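Bear in mind these aren't lab numbers, they're just calculated from the coordinates by the rules spelled out. These numbers were taken from a predicted model, which means no experiment stands behind them. Neighbour counts run over all protein chains shown; Cβ positions are idealised from the backbone, glycine included.
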Amino acid sequence: MVPAHQGGGLMRADLLTDPVEGLDEALAAVDAFDRVLVQGLLRPQPAQAEGLAALAGAVAGTPLADRVAEAAGKAAAGAAGEDHLTALAAARAALLGAVHDALLARADEATGRTRAGEVPTTADGGDGANLRAAARTWLCDLARAGWRGIDHDLVSQAAGVVSAMLPDPALRRLAALLDGFAAELAASCPGAALEHVPVRRWADLWTRALLLTRQGAAVPAATGTATGRLLPLGIDLHEHPTAVQAQVHAVFEPSDGTAPRLVRASVSAPKPDTVVGAGLWQLLRPHSALLAAFGEGRAMELDRMPVTDGGDLLWDDAHAKAGESADPFATARVALAGATGPATAPLDRHPAVVAEPVLLEGYAAHREDDALVFDLAGHRLAVDTDRIPVAGPLTPEAVAGSGACIGLLRWDAGAFRVQPLAVEATVRRKAVALHSGAWAAGTDDKAGAKAEKAATDAVSVLRERAGRLLRA
């Protein structure tokens, strides 16, 4: 990651390109089951029975074996009940969880990172049993119809369940998932006319939702507080047509002198689809002083900030204040290698959530088949430039000309790749650091200022229209 004389350890880039034992077989079983859901389980065909058998075979040596084998047999005969479909979803989640664990172990081995133990969970309350059951029935009806069999009548049945769930904070997580899932399905109806089915994505959403409908589904709990210094590394910006989230990755140094650890802090806000680019920061800034501190290059001093064992700070400005100047690259070179990584909550274990902060130096950047890669001592690591947001000064061209990079190590399309959060590069013969979240506190950049002005105008118009509606 960084030269040994600077206190860090060298990244084993070869481990990121070597195959992970058992990974292909586990994913093949998941893919086989996902294809079953495309045509549905109302009238299973021989090919679907094979996919169900593949899933059952993949967990044959686990405590799930008997239950999943029975469920696969019932589903192949077209007689699967809700408990059987839930067992199949659990088997699928267990396989992807095992893939997640194997990838995280490989990433830890490559970076020399230590990791916290398992996340303890607390069971949710017993409220909302009827609503959970209604949601489970709808999800099972989806599995029987299959993605090719969905229509507006079937998809619209989720609306009443979601509306009833939203007022209950204990059910809001499931309600939001069902609402988004139903919206995607509705936009794709009728399923029989789809040119392309997002097989893995819809199976992921179906699996997670179905497991969350079970009474006693475990949820991560806020298990402690954090007091000490927060040193930001970078911001990962997530944009959706109706929402935006900035996730700050950071190193936390406890005031009691214990080992530093990696944490995350997320700031979210709803958004109109007319606000894009640098204008997104206007929606997020009022919700957290952390973004202003990052934009100004400062650390944060935390005082009893709630934190989960999964490494997520439950951000509250009342528990934080701006600290001294802190350079993310200095933090990465000095503190990142020795920071303990957080564990992952059981239901969150999935290859898509692997996002490990790393510092890369000494690479040669070049293009292969229109894709940017970092050559690390002869080992090629793909660079995911598609994840670079336009709401900041960081660009693919700057990454291609960089000499150091703070990024998130991810796994996508069958390989590890790095998502740049910041780079050190030479621009106009001057060494500069470019961060994807550099405009979080505002910007003097011409392009950024123009986008901010456009967003201000759009938000003002929307607020005026909303005010008229309320007065009417």
Leading residue at positive end of dipole, the chain (Cβ point charges), from LEU23, ALA65, VAL244: VAL244
Label zone at VAL353 (point 7 Å along Cα-to-Cβ), backbone N below 20 Å, the range 414-431: 414-417, 419
Residue exposure sequence - ILE235, ILE406 - by fewest surrounding Cβ within 10 Å: ILE406, ILE235
Net lengthening on full extension, GLN157/ALA449 (0.36 nm per residue, minus Cα-Cα): 100.7 nm
Cα shape, the range 334-380, gyration tensor, a/c 1.5 rule: oblate
Nitroxide proxy distance, nm - points 7 Å out along Cα→Cβ at ALA65 and ARG468: 6.9 nm
Cα gyration tensor shape for the range 189-323, rounded if a/c is under 1.5, else prolate or oblate: oblate
Magnitude of the charge dipole, the range 23-218, Cβ model with Lys/Arg +1 and Asp/Glu -1, debye to 20: 100 debye
Pair ARG43, ALA129: separation of 7 Å Cα→Cβ label points (nm): 3.8 nm
Rounded if a/c under 1.5, otherwise prolate or oblate - the range 299-439, Cα gyration tensor axes: oblate
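So what is the relative contact order of the range 23-218, in percent, for Cα pairs below 8 Å that sit 6 or more residues apart?
Once divided by the residue count of the range 23-218, the mean separation gives 27 percent.
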For peptides 85-92, 447-454, sequence by mean Cβ density within 10 Å, most packed first: 85-92, 447-454
Simple Cβ-charge dipole of the chain, Lys/Arg +1 and Asp/Glu -1, about Cα centre, in debye nearest 20: 880 debye
Extension reserve of the ALA413-THR274 stretch, reckoned as 0.36 nm per residue once the Cα distance is removed: 46.9 nm
Net charge over other residues, Cβ less than 14 angstrom from the Cβ of LEU284 (K, R count +1; D, E count -1): -2
Model label zone, ALA187; criterion: amide N under 16 Å from point 7 Å along Cα-to-beta-carbon; scope the range 255-297: 271-276
Mean shadow area of the chain over all directions, Cα convex hull, nm²: 24.9 nm²
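Trypsin sites (Lys or Arg not before Pro) within the range 355-449: which are DSSP loop residues with at most 16 other Cβ atoms inside 10 Å?
Those satisfying the criteria are ARG428, ARG429.
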Sorted peptide list for 261-268, 195-202, criterion being average Cβ within 10 angstrom, highest first: 261-268, 195-202
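Give me Rg/Rg_expected for the range 23-218, where Rg uses Cα atoms only and Rg_expected = 2.2 N^0.38 Å with N residues. Kindly include the intermediate steps, with their values, before the conclusion.
Numbers: Rg = 17.3 Å, N = 196, 2.2 N^0.38 = 16.3 Å.
Working it through for the range 23-218, the quotient is 1.06.
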Linear extension gain, VAL20 paired with SER325, 0.36 nm per residue minus alpha-carbon span: 105.7 nm
